[in-house]
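The values are calculated or read from the model by the stated rules, or taken from the named source; none is laboratory data. Keep in mind that what you see is a predicted model, and the values were worked out from it rather than measured. Note that we place each Cβ from the backbone using ideal geometry, even for glycine, and neighbour counts take in every protein chain shown.
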C-alpha cells in the first residue's frame, strides 16, 4: 500500500514451482472507497484453468504497515477474513517463520517474516529454478524484484544478516511478491483433490489466451 496506489502480485503454485502470473497497480488514495472497491474486484476475479475448471484467488495478504494506512486495511480485511483476505505486517529477521498470526487490539494481523522469504526468493533465483515468470510481466517487475541485496553487518563483533535497498531503486514488486508467497501459508489444501477439481474430462479443451483485465492495463 502506498498513499496514492496499491501494488499487487498474483502468484500460482504447483507441487514444486511458483508461477508469477501478473502484477500491477490500482491507483487511488489509500482512504478512497473506489480504490478498495477495485482491490475487492481483483480478489474476486476468476480465470479458466487449462484443466477446464475455473480458479480464483485463494488467499491474500495486505500490508497494513503503520500510521494512516493501518485502520483502512483493517476495515477492509476484517469482513473478508473468511475468504482468507488478511491484514499483515512485515518484520525483519532471518530466523522468523514465513507467517505468524498475531492480534492487535482485537484485529487478526499476520506477521510476515520478510527477510526469510526474501532470502528464499534470492536462493531460488540464484539456482535458476522453481520460480517461473509470465512473459507478460513488465520490465518494472524485474527491476524491483532485484532492488535489494543481502549484506552482513557486525555488531560488537557478531555478524548479522540483513537486506539493504540498492540506492535509487524502488521495491514495491519485491515486497508484493514476498507477501504473496507468505499468503500461500494460509492455504491448507489437499493437492490431489485440488488437481482433480481443476481437471475435468467433460470440460472442453481450452485454447491458451491472454486474459484481458482492466487491472492489468493500469
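Of all residues in the range 23-46, count the ones that are over 15 Å from residue 3 (Cα atoms) and buried (at least 17 other Cβ atoms within 10 Å of the Cβ).
Final tally of qualifying residues: 5.
Got at least one residue in the range 167-182 being farther than 27 Å from residue 49 by Cα, at pLDDT 95 or above, in contact with a strand residue (DSSP E or B) (Cβ under 9 Å, 6 or more places away or on another chain) and surrounded by 14 or more Cβ atoms within 10 Å (Cβ to Cβ)?
Yes: the range 167-182 contains one or more residues that are farther than 27 Å from residue 49 by Cα, at pLDDT 95 or above, in contact with a strand residue (DSSP E or B) (Cβ under 9 Å, 6 or more places away or on another chain) and surrounded by 14 or more Cβ atoms within 10 Å (Cβ to Cβ).
Just for the range 18-60: of the residues that are in contact with a strand residue (DSSP E or B) (Cβ under 6 Å, 6 or more places away or on another chain) and without any contact (Cβ under 8 Å) to a residue 24 or more places away in the chain, which one is farthest from residue 79 (Cα to Cα)?
The selected residue is 54.
Based on this model, can you work out whether residue 129 counts as modelled with pLDDT under 95, within 23 Å of residue 60 (Cα to Cα) and out of contact with any helix residue (DSSP H, G or I) (no Cβ under 8 Å at 6 or more places or on another chain)?
Details: modelled with pLDDT under 95: yes; within 23 Å of residue 60 (Cα to Cα): no; out of contact with any helix residue (DSSP H, G or I) (no Cβ under 8 Å at 6 or more places or on another chain): yes.
Judged against the criteria, residue 129 is not a match.
Hey, among 117, 111, which residue is in a helix (DSSP H, G or I), surrounded by 14 or more Cβ atoms within 10 Å (Cβ to Cβ) and either touching a strand residue (DSSP E or B) at 6+ places or on another chain (Cβ under 7 Å) or in contact (Cβ under 8 Å) with a residue 40 or more places away in the chain (or both)? Explain how you work it out, then say what you get.
Numbers: 111 fails: in a helix (DSSP H, G or I).
Checking each option against the conditions leaves just 117.
Of the residues that sit in the range 120-132 and are in a helix (DSSP H, G or I) and in contact with a strand residue (DSSP E or B) (Cβ under 9 Å, 6 or more places away or on another chain), which one is farthest from residue 17 (Cα to Cα)?
Restricting attention to the range 120-132, the residues satisfying the condition of being in a helix (DSSP H, G or I) are 120-127.
With the extra rule that they be in contact with a strand residue (DSSP E or B) (Cβ under 9 Å, 6 or more places away or on another chain), the set shrinks to 121-122, 124-125.
Details: 121: 12, 122: 15, 124: 10, 125: 12 Å.
Checked the range 120-132; the qualifying residue farthest from residue 17 (Cα to Cα) is 122.
If residue 135 satisfies every condition in (1) at pLDDT below 95; (2) within 18 Å of residue 20 (Cβ to Cβ); (3) part of a loop (DSSP other than H, G, I, E, B) but one, which is the exception?
(1)
Only one residue in 96, 15, 101 is free of Cβ contacts under 8 Å to residues at least 40 places away in the same chain, surrounded by fewer than 18 Cβ atoms within 10 Å (Cβ to Cβ) and outside any strand (DSSP E or B). Which one?
That would be 96, the only listed residue that is free of Cβ contacts under 8 Å to residues at least 40 places away in the same chain, surrounded by fewer than 18 Cβ atoms within 10 Å (Cβ to Cβ) and outside any strand (DSSP E or B).
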